Amino acid sequence: MNPGDESNLPIDAVLPALTAALEASPNAVLEAPPGAGKTTRVPLILLEAPWRGDGRILMLEPRRAAARAAAARLAESLGESVGGRVGYRIRHESRIGPATRIEVITEGVLTRRLQSDPSLEGVAAVLFDEFHERSIHADLGLALCLEAQGALRPDLRLLAMSATLDGEAVAALMGAGPEASPGAPAPRIRAEGRVFPVETRWLERPLAKEARFERELADLTLRALGETEGDALVFLPGAAEIRRAETALNDALDARHLVLPLYGDLPAAAQMRALTPDPEGRRKIVLSTTLAETSLTIQGVRLVVDGGRTRRARFDPGAGLSRLITTRVSKASAEQRRGRAGRTAPGWCYRLWAKAEEGGAPAQDPAEILEADLTSLALDLAAWGAAAESLAFLDPPPERSLREARRLLLMLGALDQAGRITAHGKRLAGAPLHPRLAHMALSAGGAEAAFRLAALLEARDPLRGAGADARERLAALAAPERFGAAEPALRRLREDAKALSKRLKTGGAPARKLSPGALIALAFPDRIAFRRGDGRRYHLSGGKGAVLPEGDPLAREPLLAVAELGLRPDAAQRGASAEATIRLAAPVDRAEIETLFDEALVWREVCAWSKRDRQVTARRRLMLFEAALEEQPWPKPPAEAMAAGMLDGVRQLGLRALPWTKAARRLQARAALARRDEATDGAPADLSDVALLADLDAWLGPHLAGMRRESDLERLDILALLEARLGWDGRQSLDRIAPAAFIAPTGTAAPIDYGDAGEQDADRGEAAPPRIAIRLQELFGLTEHPTIRGEPLLIDLLSPAGRPIQTTADLPGFWRGSYADVAKEMRARYPKHSWPEDPAAATPTRRAKPRKGSQ
């Protein structure tokens, strides 16, 4: 086998096994590395399968560029043009004819087709190409196809094809088909890849932190071009980095070289130019995103320069938005990129990192379903009528992200309160747009401005850096010729808007004349922004905070509708309180908000604790979801609402805000000691700070009536409240286990100090033992040391004048030991007092009247 011969590909060796597997079982997994030929060979061989009949074969590709390229190569193999037996269908574009039997489609097309035709009438097989990329649409499409196969189409063939994949897990997920034994996995077929060696070269040392990525990558590319031959494929994370690297390389290279970008938003013609050899024979350097990692073949490439970075969307449920993050490539992706250099001949791979750094790279990229915005997925599940847990997902979608998605769909009117899809939701599910944008376009009655705005918001901002005002972008779409370098992108957006208009316009209600801000509000009801004070900070209707960039003219606007937010770089450290930056928005007036969201606007009376005023404020607020459109005083709030506000205040201030006394803290400490041994029968109620805060409503709430300010808390008798919490039985139990006072032989009641439970810190070790302070003479005649729960009391012995003499935890030992010296000194100082030679045998000569023991 000659690996460079397209007529003899590695996949050919396993095609008989694959066709046999699909003859015997409706499901199979094909594992074949890049260049093996699975994309161009498998659909064609399956055309001849007896089970196909006259049914079509659908092959899913993760990207539009890959779908066009695959269709072109398949058609070329048959000696035909696209639109004959091979066609493609992608968003806004299709080339399908009556003779088409192989449809190459993007993954979202399959989902919409399943929703309208769950049995996939006329389809014989669905092929999931590049399944290892684990896009959310591929995961959902496979899950829905498996359910359709089990319920409606046991004859439907499903094939997952991948370059790097946990084939065992996917085979177990797919199973051998509805008629096979339960638990039997789908058959797995493995093909070998190309055999051309690729020499890998690393940096001698890691890049410095201050190094400029694009400059370093351009320098590495220039070095690699000088040391190798053949066309080059350079991997960068995104279009912005590609443009900067393109400028740097064009400045350094001569006319014998051709530098070409390759990313998803490029026009189809520009993408095809990057994929095919240069007609003038120049050495081609293709600067690509992950688009060229697996799903596209670029002819003539023998050199790969890998920047080691990738960009992907990560949804933050706490912030309610997705953000693009730039991160290291996984080991699997790095190997995929490296393999691109050895497709047709021996090649080279230069990596912009040191070999020692590879150990810290993740093994695989995470599945998109674990990190993405799940709004479309939640809508598709509702339209399908199934819960996520009932479908066969390789990785189940995170429940928190699903919950956020359903909350948004409820705002959009796509789901009802029970979570069922509405008629409006079914229309959104059938639209080739994110549910937000589909809702905007349909709710606007098909207004042209809505389609232009949808096209703009789906694409990369053509005027990024021109401020946050979305109205400027719409003006640019109306007159793209005035915007120089951005003109091609703006014209493509106009074409996309026209395509959307054709797809979504109906003969229903007339178009509504809405401002750009009102249109954005329809799509982003959770991002209607209310200015705080007179600054550039805003409160969003979804409950979060946001801020405009310094100096942005929109800061003058009291109300904004926000189309794009970005999390600040330190958002991960700031947590849920992190404010987002407003990147794209338009002003909207109150009248428009009241018209658009009449049913969502509700008056809400709120008694809330004000941290600034340190008191409860009573207000009536006109709420749009989680933000107030208007606020006014609430003159006579009910007492229970005020009490609830005070409780919130105590929670925010902490228990230290209450008027604690030493007696109250002593009672708290006694209870803590009494509960220390869990085996103690009849232990009193828990009076710890943690327990008191957890049960604040029960023991404190009823006593806050008539209070409004922090100073009003001084009226509380905390000791009485704690005693009431204990109850009569609890107080009796506490007196038995941890008494309030020690009764001396003279009858004197000495209060026992159990420490201050409110001051105790678990990290400070064991609590100090209970102790008393008492005049030495009060203890004459006591032969045993007093104890609490078997532990000796610590006794501070006092002189007749109340001054400290000595501390002991062994009174009999004190009598036998140092008492003689103490007595000698005391006789000299206090001659009128009795100091017996044998204090343990002495009879108390004075019996003090018992004092009331302090709690």
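At 1.4 Å probe size, with the rest of the protein present, what percent of the exposed accessible area of region 248-388 is carbon and sulfur atoms? Exposed carbon and sulfur together represent 51 percent of the surface. Per residue, the solvent-accessible area of region 247-305 (1.4 Å probe, heavy atoms of protein chains only, all protein chains present) comes to 40 Å². Take every DSSP beta bridge whose two residues both sit in the chain; close to 50 percent of them are antiparallel. Across the options 623, 587, 597, the greatest Cα extent toward the positive end of the charge dipole of region 585-630 (unit charges at beta carbon of Lys, Arg, Asp, Glu) belongs to 623. Counting only lysines at least 8 places from residue 331 when in the same chain, those with an alpha carbon closer than 26 Å to its own are 38, 209, 355.
Rolling a 1.4 angstrom probe over the protein heavy atoms with all chains in place gives region 617-708 an accessible area of 48 Å² per residue. Ranking 523, 24, 706 by Cα position along the charge dipole of the chain, where only Lys, Arg, Asp and Glu carry charges on their C-beta atoms, puts 706 farthest toward the positive end. The lysines within cross-link reach of residue 505, meaning a Cα-to-Cα straight distance under 28 Å and a gap of 8 or more places when in the same chain, are 426, 513. Can you give the FRET efficiency to the nearest 0.05 for residue 601 and residue 724, using r as the Cβ-Cβ distance and R₀ = 41 Å? Plugging the Cβ-Cβ distance into 1/(1 + (r/R0)^6) gives 0.40. The alpha carbon gyration tensor of region 188-303 gives principal lengths a ≥ b ≥ c with a/c below 1.5, which makes the shape rounded.
Listed peptides 149-162, 78-91 appear in the order 149-162, 78-91 once ranked by packing, highest mean of other Cβ atoms within 10 Å at the front.
Summary of packing: across the peptides 663-671, 207-215, the per-residue average of other C-beta atoms within 10 Å ranks them, highest first, as 663-671, 207-215.
The phi torsions of region 445-462, fed into the Karplus equation with coefficients 6.51, -1.76 and 1.60 and a -60° offset, translate into couplings of x, x, 4, 4, 4, 5, 5, 5, 5, 4, 4, 5, 6, 7, 9, 6, 4, x Hz, rounded to whole numbers, with Gly and Pro shown as x. Taking the Cα centre of each part, how many Å lie between region 450-484 and region 517-545? Measuring centre to centre over Cα atoms gives 20 Å. Charged side chains reduced to their Cβ positions (Lys and Arg at +1, Asp and Glu at -1) give the chain a dipole of some 1980 debye around its Cα centre. Counting only lysines at least 8 places from residue 662 when in the same chain, those with an alpha carbon closer than 18 Å to its own are 852. Only protein heavy atoms count here; on that basis, with a 1.4 Å probe, residue 353 has an accessible area of about 30 Å². The distance from the alpha carbon centre of region 573-652 to that of region 248-280 is 54 Å, rounded to a whole number. Helical runs (DSSP H, four residues minimum) scored at -39500 (n - 2.57) apiece and divided by the length of the chain put the mean residue ellipticity at 222 nm at -10000 deg cm²/dmol.
Per residue, the average separation of C-alpha pairs within less than 8 Å and at least 6 apart gives region 104-159 a relative contact order of 47 percent. Dividing the convex hull volume of the alpha carbon atoms of region 41-104 by its residue count gives 78 Å³ per residue.
Amide H contacts for residue 196 (H built 1.01 Å from N in the peptide plane; partners 5 or more residues away or on another chain; cut-off under 5 Å): none found. Projecting the Cα atoms of 123, 40, 111 onto the charge dipole of region 1-149 (Cβ charges, centred on the Cα centre) puts 111 farthest toward the positive pole. The distance from the alpha carbon centre of region 160-228 to that of region 812-845 is 90 Å, rounded to a whole number. Based on the Kirkwood approach, the hydrodynamic radius assigned to the chain is 33.3 Å, with every pair of different Cα atoms included. Just need log10 I(q)/I(0) for region 589-656 at q = 0.25, 0.26 Å⁻¹, Debye formula, equal scatterers on the alpha-carbon atoms, no solvent, rounded to two decimals. Relative scattering, expressed as log10 I(q)/I(0), comes to -1.03, -1.08. Each Lys and Arg Cβ is given +1 and each Asp and Glu Cβ -1; about its Cα centre, region 272-428 then shows a dipole of about 620 debye. Using only the Cα atoms of region 97-179, build the gyration tensor, take square roots of its eigenvalues as a ≥ b ≥ c, and label the shape rounded, prolate or oblate: rounded if a/c is under 1.5, else prolate if a/b is larger than b/c, else oblate. It is oblate, given that a/c is not under 1.5 and a/b is not larger than b/c.
The values are calculated or read from the model by the stated rules, or taken from the named source; none is laboratory data. Since we're looking at a predicted model, the values are computed, not measured. Please note: Cβ atoms are built from the backbone with ideal geometry, for glycine as well, and neighbour counts cover all protein chains shown. Side chains included, ligands, DNA and RNA excluded: accessible areas come from the protein's heavy atoms. Shrake-Rupley method; radii C 1.70, N 1.55, O 1.52, S 1.80 Å.
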